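Participant: This is the structure I want to talk about, given as structure tokens.
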Amino acid sequence: MSEIKLEVKNYVVDMLCDRCGEGYMRPEGNIVLTTCPLQYPHKCNRCGYTRSFIKKYPYLNNEYWKEEEEEEEEFDNTTVKGFIADEWYRENFLYNI
């Protein structure tokens, strides 16, 4: 097996309040509702509206970053360059970090 380096961009994903539209939803302490799936109670930091989500906001999301090349090259998923676009790699690496 070989290690490879991949450039990624990080994004912060946040949830705006549905009620006031100006505040952000923030977790209420370390409370977890044991439903299926798990839910995390959040409270708007502006108006106090409460709602539960299956994610804790804000959170980081990663996307692969590939600089545009001058000429288009075809590649298959067996090469290191093509491995970036491989579905299995994206599903099992990117989303399970």
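Any read-out appearing in this document is the output of simple, stated calculations on the displayed coordinates, not a laboratory observation. As the structure is a computational prediction, the values presented were derived from the model and not from experiment. Reconstructed Cβ throughout: ideal geometry from the backbone, glycine too, with neighbour counts over all protein chains shown.
Participant: Note down the net charge around C44, summing +1 for each Lys or Arg and -1 for each Asp or Glu among other residues with Cβ under 11 Å from its Cβ. Mind showing how you got there, number by number?
Facilitator: On the way: positive: R19, R26, K43, R46, R51; negative: D18, E22, E28.
Counting the neighbours of C44, the net charge comes to +2.
Participant: Moving to a separate point now. So if R0 is 35 Å, what FRET efficiency would K5 and F53 give, r being the distance between their Cβ atoms, rounded to the nearest 0.05? It would help to have the intermediate numbers written out before the result.
Facilitator: On the way: r = 33 Å, r/R0 = 0.95.
With a Förster radius of 35 Å, E is 0.55.
Participant: Follow-up question, since we're still on this one. For each of M25, M1, M15, count neighbouring Cβ atoms within 10 Å of the residue's Cβ, then give the residues from fewest to most. Before the final figure, lay out each step's value.
Facilitator: Working: M25 25, M1 3, M15 18.
With the fewest neighbours first, M25, M1, M15 line up as M1, M15, M25.
Participant: What nm value, rounded to one decimal, do you get for the distance between I31 and R19 when each label is placed 7 Å out toward the C-beta?
Facilitator: 1.3 nm
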